[in-house]
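Visitor: This is the structure I want to talk about, given as structure tokens.
The values are calculated or read from the model by the stated rules, or taken from the named source; none is laboratory data. Quantities reported herein were computed from a predicted structural model and do not represent experimental measurements. Every residue, glycine among them, receives a Cβ derived from its backbone with ideal geometry; neighbour counts consider all protein chains shown. All accessible areas refer to the heavy atoms of the entire protein, side chains included, with ligands and DNA or RNA removed. Shrake-Rupley method; radii C 1.70, N 1.55, O 1.52, S 1.80 Å.
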Amino acid sequence: MYSELKTSIQSVYQKTGIDVFLFSPEGKFLFSAAGEKPPFAFRRFGGVLQADGATFFKVLHRGAEYVCAIQGTGPVEKNYAVFLSDAIENTAGKSLNLPRGEFIRRILLGECSADDVQTYAIKYSVPESPCFALAVSSDLKAGELMSFLTQYAGEEADTAVAVTGKDCAFIKFMDEDTEYQSSADFANFLARSLLEEVGVKVRIGVGGTVRHFEEIASSYRQANTALRMSGIFNSGGEVHTYREFVLVKMLEDLPEAKLGEYLSILLDGEAKELLKDEDMVNTAEEFLENNLNVSETARNLYMHRNTLMYRLDKIERVMGLNLRNFSDAVTFRVITILYKLT
């Protein structure tokens, strides 16, 4: 794998504007940060070679000797070659010497290659067990929150790490003896325990359980999406799974112009004005959350049943959607998603 070398070469290009051409030990052209093909032929050599209008030099990575080249010949390019060789090797091997917290943070954010993930797994004796990631947010600073999360690491491999200013991630490994039925089950336990035992209220996004640690970045992406979406849609409760927002994510991935096209088909001017009424929309969404149950919705909103019925009737009159009908309720849900995304 030479993904680390690619990342290092891209970094060099961004900082210096120098395009470095990368060749395999066998002489096959692999990569250029500028996306260009080399205007010269590969050469075998020792040390630094200048020929055909190019300066060739070697970099050692994971026990293999790769060849790099830059355009131009002369003393300046030769000095560049020595400097770039050290810079590329040091940057590409940096992950091997990272502190554990920074290493796992980069893995979760997808900034590490498969080789790096395997290196982490070997270095820290990561078990061959299913695992999942949680994205955890609170009003505390990430460092303070992480100190509380660490107390709930039941297995040695369980890890809490600060990701951004106020957000943390928690990696949980599941074995055959675990008392939790699912990742959401553990997340609910964690949220409840933090509130009851240390008085910290958190919001948690739950990623899917993956079979191997090598896939943990995928689980964290899901967890982070669930946390982000729960904020956008003001979802009630502290714990939210990625599955809750799959429809939202599918729509979010469409081009914005297409989202606007769909919304214009489903809405006219008066209906758009109704969606600006937060009380009306919140009432409708609570009705959907309570499985279209009028009595339960009125009780949860501390609202008279007649007031609720009036609002549902107004939505039907303005938007042509009877939310007591399942298919119309689904259409309304899609409309509110499109409206918030656009």
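Visitor: Taking 35 Å as R0, compute the FRET efficiency from the Cβ-Cβ separation of R43 and A114 and round it to 0.05.
Guide: E between R43 and A114, to the nearest 0.05, is 0.70.
Visitor: Sticking with this one: Once you order the gyration tensor axes a ≥ b ≥ c over the Cα atoms, which shape class does the range 138-247 get: rounded for a/c under 1.5, otherwise prolate or oblate by comparing a/b with b/c?
Guide: Since a/c stays below 1.5, the shape of the range 138-247 is classed as rounded.
Visitor: Between rounded, prolate and oblate, where does the range 69-212 land on the alpha carbon gyration tensor, with a ≥ b ≥ c its root eigenvalues, rounded for a/c under 1.5, else prolate if a/b exceeds b/c?
Guide: Prolate shape, in that a/c is at least 1.5 and a/b is the bigger ratio.
Visitor: Quick query: amide H of F31 versus all other amide H atoms, modeled in the peptide plane; which residues come in under 5 Å with a sequence gap of 5 or more or a different chain?
Guide: When sequence neighbours closer than 5 places are left aside, the close amide H contacts are L22.
Visitor: In whole percent, and with a 1.4 Å probe on the protein chains, what portion of the accessible area of the chain is carbon and sulfur?
Guide: Solvent-exposed carbon and sulfur of the chain make up 48 percent of the total.
Visitor: With each label point set 7 Å from Cα along the Cα-Cβ vector, what nm distance links K28 and F189?
Guide: The two pseudo-label positions are separated by 4.8 nm.
Visitor: Let me ask another. Over 31 Å between Cα atoms, which of K166/K258; K123/K166; K6/K141 qualify?
Guide: The answer is K166/K258; K6/K141.
Visitor: Any idea how far apart N300 and A51 come out in nm if each label point goes 7 Å out from Cα toward Cβ?
Guide: Distance between the two pseudo-spin positions: 7.5 nm.
Visitor: Further question: Using helices alone, what [θ] at 222 nm do you get for the chain, with -39,500 (n - 2.57) per DSSP H run of 4 or more residues, divided over all residues and rounded to the nearest 500?
Guide: Helices in the chain give a 222 nm mean residue ellipticity of -15000 deg cm²/dmol.
Visitor: Toward the positive end of the charge dipole of the chain, about the Cα centre and with charges on Cβ (Lys, Arg +1; Asp, Glu -1), which of L190, F23, L247 goes farthest?
Guide: Looking along the dipole axis, the top candidate is F23.
Visitor: In percent, how large is the relative contact order of the chain, given Cα pairs closer than 8 Å and 6 or more residues apart?
Guide: Over the chain, the number comes to 11 percent.
Visitor: Would you mind checking the radius of gyration and Dmax of the chain based on alpha-carbon positions, in Å?
Guide: For the chain, the Cα-based Rg and Dmax read 27.1, 87 Å.
Visitor: Which of the trypsin sites (Lys or Arg not before Pro) found in the range 178-235 are in a DSSP loop and have at most 16 neighbouring Cβ atoms, other than their own, within 10 Å?
Guide: Those satisfying the criteria are K201, R211.
Visitor: Would you mind giving the average projected area, over all directions, of the Cα convex hull of the range 1-157 in nm² with one decimal?
Guide: About 11.9 nm², averaged over all directions.
Visitor: Efficiency by 1/(1 + (r/R0)^6): what FRET value for K166 and T73, r their Cβ-Cβ distance, R0 = 45 Å, to the nearest 0.05?
Guide: Between K166 and T73 the formula returns 0.30.
Visitor: Note the direction-averaged projected area, equal to a quarter of the hull surface, for the Cα convex hull of the range 227-342, in nm².
Guide: Hull-based average projected area comes out at 7.2 nm².
Visitor: With a 1.4 Å probe and all protein chains left in place, how much accessible area per residue does the range 2-144 have, in Å²?
Guide: In whole numbers, the range 2-144 has 50 Å² accessible per residue.
Visitor: Measuring with a 1.4 Å probe in the full set of protein chains, what accessible area per residue, in whole Å², belongs to the range 230-301?
Guide: Per residue, the range 230-301 has 60 Å² of solvent-accessible surface.
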